[in-house]
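J.: This is the structure, below, for whatever I ask next.
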Amino acid sequence: MTLDIIVPAAGVGTRFSRCEPKQFIDLVGKPLLVHTLCIFEQIEHIKEIIVVIKQEYRSLIYDYIKKYNLRNNIKVVIGGKSRQESVYKGLSASSADRILVHDAVRPLVSVKAIRRVIKALEKRRAVTMGLPVRETVKVVDAEYLRVVKTLDRKQMWLAQTPQGFWREELLKAHFIAQKQGFFATDDVALIEAMGVDVDLIEGEARNIKITSPEDLSVVRAWLEMQTVTSGSC
């Protein structure tokens, strides 16, 4: 089994109130993106780490590789207008038979959790990490903010990354989505639309996706507490 990881990092973070994209914010002495890349550098199974980036930040990634002594298995690909298009461009640059897709702004996922996803991919065609919803979930009328109904939270899970796929399955799902004009917020939704079963592995509470300044504060605190690991990062 050959394995690549796609890290879509071409987003501009419209929900984040900073001038620079959040993936380049300094956190405990390193850019957020570098923290994420360092985790995957510890996974021996990964052939290439494919970082999908905007053209204007391409040289910055090469600077990071030198400055932080990252391995030379990082491939830089220019992204598209959406996350979905960026992942497709990363897929097109891969020759592996298995693919992981991981949000650039989730720098706290553990090596142990990543390895569980990889192990599941040996037999499963699609895998996602996720956490059970612990709060009561309401469906609301978007215009008037009135509660329409309450959902059974036992069936509700919050999706996380990394998500894992057989490359040909994910490539086919992207082709179909392009043809149908279907857009999704993660790649699992594309696979679901194709009728492929997706297995779920329980994720980690610490595997936070940074979407707000508050998230940034939480992740910074985690990184400050985290024991320094061995390796070039």
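J.: Do the alpha carbons of any pairs in Lys30/Lys75; Lys30/Lys81; Lys154/Lys179; Lys30/Lys89; Lys75/Lys112; Lys54/Lys172 sit beyond 30 Å of each other, and which pairs?
T.: Among Lys30/Lys75; Lys30/Lys81; Lys154/Lys179; Lys30/Lys89; Lys75/Lys112; Lys54/Lys172, the Cα-Cα distance tops 30 Å for Lys154/Lys179.
J.: At Leu158 and Glu204, where each label point lies 7 Å from the Cα along Cα→Cβ, what is the point-to-point distance in nanometres?
T.: 1.5 nm
J.: How big is segment 1-94 by the Kirkwood estimate over distinct Cα pairs, in Å?
T.: Evaluated on segment 1-94, it is 13.6 Å.
J.: What is the percent of Cα-Cα separations in the chain that go past 29 Å?
T.: 27 percent
J.: With r defined as the distance between the Cβ atoms of Lys67 and Tyr144 and R0 fixed at 35 Å, what FRET efficiency is calculated, to the nearest 0.05? It would help to have the intermediate numbers written out before the result.
T.: Numbers: r = 52 Å, r/R0 = 1.47.
FRET efficiency, Lys67 to Tyr144: 0.10.
J.: Still on this structure: Would you mind giving the average projected area, over all directions, of the Cα convex hull of segment 164-230 in nm² with one decimal?
T.: Spelled out: convex hull of the Cα atoms, projected over all directions, averaged, 7.0 nm².
J.: Leaving out ligands, DNA and RNA, what percent of the accessible area of segment 1-127 is carbon and sulfur, probe 1.4 Å?
T.: 48 percent
J.: For Lys47, what accessible surface area do you get with a 1.4 Å probe? Give it in Å², rounded to 10.
T.: The accessible area of Lys47 comes to roughly 80 Å².
J.: Between segment 37-85 and segment 159-233, how far is it from one alpha carbon centroid to the other, in angstrom?
T.: Between the Cα centre of segment 37-85 and that of segment 159-233, the gap is 16 Å.
J.: Heavy atoms only, 1.4 Å probe, whole protein assembly: order Ser217, Ser212 by accessible area, highest first.
T.: Putting Ser217, Ser212 in descending order of accessible area: Ser217, Ser212.
J.: Using just the helices of the chain, give the 222 nm mean residue ellipticity in deg cm²/dmol: DSSP H runs with n ≥ 4 each add -39,500 (n - 2.57), and the total is spread over all residues, rounded to 500.
T.: Roughly -9500 deg cm²/dmol at 222 nm, from the helical runs in the chain.
J.: How much length is gained on full extension from Lys179 to Glu224, taking 0.36 nm per residue of separation minus their Cα-Cα distance?
T.: 11.6 nm
The values are calculated or read from the model by the stated rules, or taken from the named source; none is laboratory data. None of these values were measured; they are calculated from a predicted model. Heads up, the Cβs are rebuilt from the backbone with ideal geometry, glycines too, and the neighbour counts pull from every protein chain shown. Areas reflect the complete protein model, heavy atoms only, side chains present, ligands, DNA and RNA absent. Shrake-Rupley method; radii C 1.70, N 1.55, O 1.52, S 1.80 Å.
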